[in-house]
Amino acid sequence: MRILVNERGAERLLSRHLWVFARDVVSGPEAPGLFPVYWGRRLLALALYNPQSALRVRAFRFRPAEDPEKALLENLQRAVSRRLGALGREPEGGFRLAHAEGDFLPGLVVDYYAGHAVVQATAYAWEALLPQVAEILKPYVKSVLARNDAKAREMEGLPLYVRPLWGEVPERVTVKEGRVRYLVDLKGGQKTGAFLDQRENRTLMESLRGERALDVFSYAGGFALHLALGFKEVVAVDSSGEALAWAQENARMNGLAIQTVEANAFDYLRALEKAGERFDLVVLDPPAFAKGKKDLERAYRAYKEVNLRAIRLLKEGGVLATASCSHYLTEPLFYGMLAEAAKDTHRVLRVLERRGQPFDHPVLLNHPETHYLKFALLEVL
Ligand SMILES: C[S@@+](CC[C@H](N)C(=O)[O-])C[C@H]1O[C@@H](n2cnc3c(N)ncnc32)[C@H](O)[C@@H]1O
């Protein structure tokens with residue numbers, strides 16, 4: 001059984017992009033699974049395949065292999081091996097062990113939280129392989145949980161569920177990050193429990209000092225906890241009261257004080273501006289406003305609005321730490337949006353640092369969708 005693609009599909013795979021959409025698939029098996037991809041008689045790749053999905057072919061290898069399943073699982077073993085140095089140095093830390101396409105493991109994410117693994121599979125062919133995935137992870141962790149409740153699974157025709165794959169999964173774990181510790185709700189937290197991609201951007205905050213800091217889209221106090229080490233007053237804002245309750249618990253656990261505000265960020269930023277409030281530092285870490293290409297224009301306006309309002313709240317010489325995790329808002333668009341916000345507010349933004357994803361969220365230049373996180377540290381003059 002094989003998948004046959006047309007010339008456009010072949011061009012994508014030959015350029016080492018990993019995806020071929022339904023319109024470029026000429027024929028394929030009736031059931032999902034792992035299959036070789038051909039253009040005429042030429043073998044191009046081995047791929048995860050789902051005849052029900054618009055994203056039909058996701059390549060994981062560009063060479064032949066006798067046993068495709070073994071070859072795919074070897075990619076997982078290789079991904080885990082790349083993180084072993086970090087795990088050895090920081091066993092109580094949080095790291096991504098498998099970053100989907102970035103590790104040639106399309107549709108599979110594995111996060112490590114202080115000795116416990118959380119797996120999320122969003123491509124059909126992984127479903128039958130979950131016992132083998134847990135088997136590979138066992139030597140490195142005390143438990144493996146399947147957090148298969150991501151909405152993206154519905155588009156693949158997969159059920160939503162959360163269940164242990166191996167070991168005893170605790171209700172919560174404590175993860176060490178820089179000089180703070182934070183709690184992770186493995187079964188109920190957002191995504192797989194936390195946002196590990198901002199780890200190094202959060203610890204960067206520990207080097208900053210000032211009077212007042214504002215952490216907008218804070219979740220469980222991600223940036224706020226690190227900021228509370230060096231700022232006299234820290235306010236964390238999020239629309240999720242549940243996340244903010246965790247933020248308060250995290251602050252108490254670290255002997256730190258933060259204020260939490262449950263609000264819509266757009267409304268709250270407007271209210272602060274109206275009240276004439278000023279800050280030395282503002283963090284903006286919004287959810288992906290653009291979830292598809294069609295949302296981009298609306299999302300661009302939303303990103304610009306929050307950045308514009310944050311800039312207005314900053315004192316002369318204050319710092320804006322701003323992020324976007326939507327790959328549709330490319331790096332040039334992100335910095336262009338910030339430049340527009342700077343012009344409109346008649347303030348100068350000086351770049352202190354341009355940052356992105358840490359090593360455990362690898363980017364493939366051939367597959368631009370793997371580069372999604374932008375993070376800028378800017379001085380506002
Ligand atoms: C990318 S996460 C932030 C992660 C966090 N900064 C961290 O480092 O852990 C985005 C957060 O924005 C919150 N959120 C989404 N829409 C919001 C809105 N309109 N106003 C305030 N918070 C919102 C979500 O509840 C979520 O906690």
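Quick notes
- Subset tally (residues that are over 14 Å from D215 (Cα atoms), of a type in the set (D, E) and more than 11 Å from the ligand (Cβ to nearest atom)) for the range 226-258: 1
- Of all residues making up the range 337-381, the number that are of a type in the set (V, I, T), touching a residue at least 40 places away in the same chain (Cβ under 8 Å) and not in a loop (DSSP other than H, G, I, E, B): 2
- All of (1) in contact with a strand residue (DSSP E or B) (Cβ under 8 Å, 6 or more places away or on another chain); (2) closer than 23 Å to D111 by Cβ hold for F231 with one exception: (2).
- Among the criteria (1) away from the ligand (no atom under 16 Å from the Cβ); (2) within 30 Å of V57 (Cβ to Cβ), the one A150 does not fulfil is (1).
- Lone unmet requirement of (1) out of contact with any Leu (no Cβ under 6 Å at 6 or more places or on another chain); (2) in contact (Cβ under 8 Å) with a residue 40 or more places away in the chain; (3) surrounded by fewer than 22 Cβ atoms within 10 Å (Cβ to Cβ) for Q120: (3)
- Candidates R179, R153, filtered to the one that is more than 30 Å from L256 (Cβ to Cβ) and basic (K, R): R153
- Where a residue in the range 242-256 is of a type in the set (D, E) and its partner, wherever it lies, is not in a loop (DSSP other than H, G, I, E, B), with Cβ under 7 Å and at least six apart: E249/L183
- When the range 311-326 is limited to residues that are more than 10 Å from L378 (Cβ to Cβ) and surrounded by 17 or more Cβ atoms within 10 Å (Cβ to Cβ), the one that is modelled with the lowest pLDDT turns out to be S326.
- The residue that is nearest to the ligand (Cβ to nearest atom), counting only those in the range 177-198 that are touching a helix residue (DSSP H, G or I) at 6+ places or on another chain (Cβ under 9 Å) and in a loop (DSSP other than H, G, I, E, B), is F195.
- For the range 298-307, the criterion of a residue being crowded, with 20+ Cβ neighbours inside 10 Å, within 20 Å of the chain's Cα centre (by Cα), within 16 Å of the ligand (Cβ to nearest atom) and closer than 24 Å to H99 by Cα is satisfied by no position.
- Listing of strands (runs of 3 or more DSSP E) fully contained in the range 1-83 that carry 1 or more residues being hydroxyl-bearing (S, T, Y) and buried (at least 16 other Cβ atoms within 10 Å of the Cβ): 33-39, 42-49
- Of all residues in the range 199-219 being hydroxyl-bearing (S, T, Y) and surrounded by fewer than 22 Cβ atoms within 10 Å (Cβ to Cβ), the one that is farthest from the ligand (Cβ to nearest atom): S207
Here is a yes/no grid of residues against (1) more than 17 Å from A251 (Cβ to Cβ); (2) touching a Pro at 6+ places or on another chain (Cβ under 6 Å); (3) touching a residue at least 40 places away in the same chain (Cβ under 8 Å); (4) not assigned by TED's automatic domain parsing to the domain that holds L269:
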residue: L137; (1), (2), (3), (4): yes, no, yes, yes
residue: E156; (1), (2), (3), (4): yes, no, yes, yes
residue: L160; (1), (2), (3), (4): yes, no, no, yes
residue: R179; (1), (2), (3), (4): no, no, yes, yes
residue: Q190; (1), (2), (3), (4): yes, no, yes, yes
residue: L204; (1), (2), (3), (4): yes, no, yes, no
residue: D215; (1), (2), (3), (4): no, no, yes, no
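- The condition of being modelled with pLDDT under 95 and surrounded by fewer than 18 Cβ atoms within 10 Å (Cβ to Cβ) does not hold for E331.
The values are calculated or read from the model by the stated rules, or taken from the named source; none is laboratory data. Keep in mind that what you see is a predicted model, and the values were worked out from it rather than measured. Here Cβ is always computed from backbone atoms with ideal geometry, including for glycine, and neighbour counts include all displayed protein chains.
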